[in-house]
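Structure first, commentary second.
The values are calculated or read from the model by the stated rules, or taken from the named source; none is laboratory data. Not measured: the values here are computed from a predicted model. FYI the Cβ positions are ideal-geometry reconstructions off the backbone, even for glycines, and counts take in every protein chain you see. With ligands, DNA and RNA removed, areas are computed over all heavy atoms of the protein, side chains included. Shrake-Rupley method; radii C 1.70, N 1.55, O 1.52, S 1.80 Å.
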Amino acid sequence: MDDYRTLADALAADVDAGRLRPGERLPTQRRFARDRGIAVSTASRVYAELVRRGIAVGEVGRGTFVRARDPGPDLPDPADGRVDLELNFPVVDGQAEILARAVGPLLRADALAAALAPVGVMGTPAARAAAAATFARPGWAPDPDAIRFAGNGRQAVAAAVAALVGVGGRLGVELLTYPVVRGIAARLGVRLVPLPVDDHGLVPDGVRDAGPLDAVYVQPTLHNPLGVTMPPRRRAELAAVLRERDLPCVEDTVYAFLRDGPPPLVTWAPERTLVVDGLSKRLAPGLSVGIVVPPPAWAERVSAALRSGGWTATGFALDATARAMASGAVAEIEAAKRVDAAARQALVRERIAVRADPAAYHCWWELPAPWRAETFVAAAARLGIAVTPAAAFAVGPAHAPDAVRLALAAPPLPVLARALDRLAALARGAPGDDGIE
């Protein structure tokens with residue numbers, strides 16, 4: 001029989017790896033004992049040990065829950081955890097309370113019963129109206145009846161690509177692009193064609209000279225990973241090339257809520273641009289829907305792709321997010337995240353020479369010689385800091401420069417500042433140095 005501390009260690013490892021998440025309810029002690037083939041008294045000692053370590057908290061009458069762990073003001077040692085500068089899912093103070101007020105009425109029995117009913121790709125009139133207002137950008141407002149709903153922004157991208165490009169087809173993308181697009185293309189049997197970028201984003205002449213293409217995927221505002229935003233003149237030039245080549249385009253605006261402009265690409269090419277977006281960045285991955293706004297010519301193909309891919313939104317998520325959008329909760333959280341992103345970028349500017357938009361939650365760091373991206377990532381990891389190498393975003397190995405992306409959203413501000421100080425010191429040294437001054 002396992003010692004109770006060994007079982008507690010295993011559960012603690014599941015928490016550290018993210019297999020058990022903060023707030024998740026653990027099985028009852030009786031069920032845990034039965035599943036592990038141990039005595040109930042041993043299970044009780046396991047749970048008591050988790051509580052003692054601060055990993056779990058017991059609530060009388062409710063059960064035992066995984067506790068949210070506070071990383072504290074200092075960086076953790078590499079053996080104890082890491083500072084996550086890889087993933088960007090921003091959460092601001094008070095966000096949960098704002099959302100609770102908005103979606104609380106959904107938990108009434110009558111409202112919950114309605115929300116648990118199945119919905120189609122067009123959702124409900126209330127959801128379409130709320131989404132049209134939320135996802136509108138300066139110079140463009142979607143027609144509510146054109147909106148199609150997905151489970152999240154990633155699924156919206158997948159549906160748009162599936163609608164435009166068949167198996168064996170060619171999708172033009174920036175040569176450094178959102179990594180999920182690479183995975184989507186692989187699953188759909190789509191070939192990615194790298195297109196050149198510069199300090200203003202995708203280069204239109206690259207689209208013109210790319211050879212046969214079925215469609216283009218582009219991130220004109222706060223590009224991931226480069227952080228650049230395409231100016232209006234470049235957007236107009238790209239729209240002209242799309243018309244010249246008779247190409248449809250997927251415009252991903254997932255980070256556009258952090259900036260006031262410029263108008264989206266669809267403003268210049270409405271007849272051939274499919275806008276995709278989602279609420280994961282605005283809210284959180286656990287409460288999200290995605291949207292696709294296609295022009296009429298592509299509407300039925302997008303709807304069919306959403307259905308066949310199993311990418312439609314659930315009724316509960318759609319109702320909950322519609323309430324959050326209509327109540328103003330999403331707008332309130334967006335405003336707070338703009339302030340938060342600006343504060344984080346200010347910390348970066350004080351410490352590191354990077355390519356970054358002051359509105360973005362990420363920045364692109366072209367490393368000083370003699371650092372190579374993979375070597376720097378490994379050295380940062382030894383300091384307990386996780387960053388992402390350029391290769392994660394490159395369409396092909398030839399397009400991976402010696403650079404890293406820093407995602408700024410996750411750590412508390414004091415922890416972020418200390419992590420940036422350590423990375424700046426590391427970059428001033430050379431590979432093989434400890435990087436600490």
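Test each condition in (1) closer than 19 Å to Val254 by Cβ; (2) in contact with a strand residue (DSSP E or B) (Cβ under 7 Å, 6 or more places away or on another chain) for Val83 and report the one that comes out false.
For Val83, the exception is condition (1).
Quick check on this structure: which one of Val395, Val339, Val354 is at pLDDT 95 or above, of a type in the set (A, V, I, L, M, F, W, C) and open to solvent by 10 Å² or more (accessible area, probe 1.4 Å)?
Step by step, each of Val395, Val339, Val354 is checked, and only Val339 is at pLDDT 95 or above, of a type in the set (A, V, I, L, M, F, W, C) and open to solvent by 10 Å² or more (accessible area, probe 1.4 Å).
Condition check: at pLDDT 95 or above and part of a strand (DSSP E or B). Does Leu213 satisfy that? Walk me through how you get there before you give the answer.
Working: at pLDDT 95 or above: yes; part of a strand (DSSP E or B): no.
It is false that Leu213 is at pLDDT 95 or above and part of a strand (DSSP E or B).
May I ask you to say which residue of Leu420, Leu408 is modelled with pLDDT of 95 or more and more than 18 Å from Ala379 (Cα to Cα)?
Leu408
Among Ala156, Ala186, which is the only one that is open to solvent by 20 Å² or more (accessible area, probe 1.4 Å) and out of contact with any Lys or Arg (no Cβ under 7 Å at 6 or more places or on another chain)?
Step by step, each of Ala156, Ala186 is checked, and only Ala186 is open to solvent by 20 Å² or more (accessible area, probe 1.4 Å) and out of contact with any Lys or Arg (no Cβ under 7 Å at 6 or more places or on another chain).
Ala398 is checked against (1) without any contact (Cβ under 8 Å) to a residue 12 or more places away in the chain; (2) farther than 20 Å from Tyr178 by Cβ and fails just one. What number does that condition carry?
(2)
Taking segment 115-127 on its own, how many of its residues are closer than 18 Å to Val330 by Cα and surrounded by fewer than 22 Cβ atoms within 10 Å (Cβ to Cβ)?
The initial filter retains those residues of segment 115-127 that are closer than 18 Å to Val330 by Cα, namely 126-127.
Right, trim to surrounded by fewer than 22 Cβ atoms within 10 Å (Cβ to Cβ) and you get 126.
Total satisfying the criteria: 1.
Which residue pairs have Cβ atoms under 9 Å apart, sit 6 or more places apart or on different chains, and have a first residue in segment 238-265 that is farther than 16 Å from Val293 by Cα and acidic (Asp, Glu) and a second that is open to solvent by 20 Å² or more (accessible area, probe 1.4 Å) and assigned to a helix (DSSP H, G or I)?
Short answer, once both residue conditions are applied: Glu244/Arg208.
For segment 25-48, give me each residue that is in contact with a strand residue (DSSP E or B) (Cβ under 9 Å, 6 or more places away or on another chain) and either touching a residue at least 60 places away in the same chain (Cβ under 8 Å) or of a type outside the set (Lys, Arg) (or both). Lay out the reasoning, then the answer.
Filtering segment 25-48 for residues in contact with a strand residue (DSSP E or B) (Cβ under 9 Å, 6 or more places away or on another chain) gives 25-29, 47-48.
Those that are in contact with a strand residue (DSSP E or B) (Cβ under 9 Å, 6 or more places away or on another chain) and either touching a residue at least 60 places away in the same chain (Cβ under 8 Å) or of a type outside the set (Lys, Arg) (or both): Leu26, Pro27, Thr28, Gln29, Tyr47, Ala48.
Which residues, counting only those in segment 363-384, are farther than 8 Å from Val404 by Cα and within 19 Å of the chain's Cα centre (by Cα)?
Cys363
Gly261 - would you say it is open to solvent by 10 Å² or more (accessible area, probe 1.4 Å) and at pLDDT below 95?
Yes: the conditions hold for Gly261.
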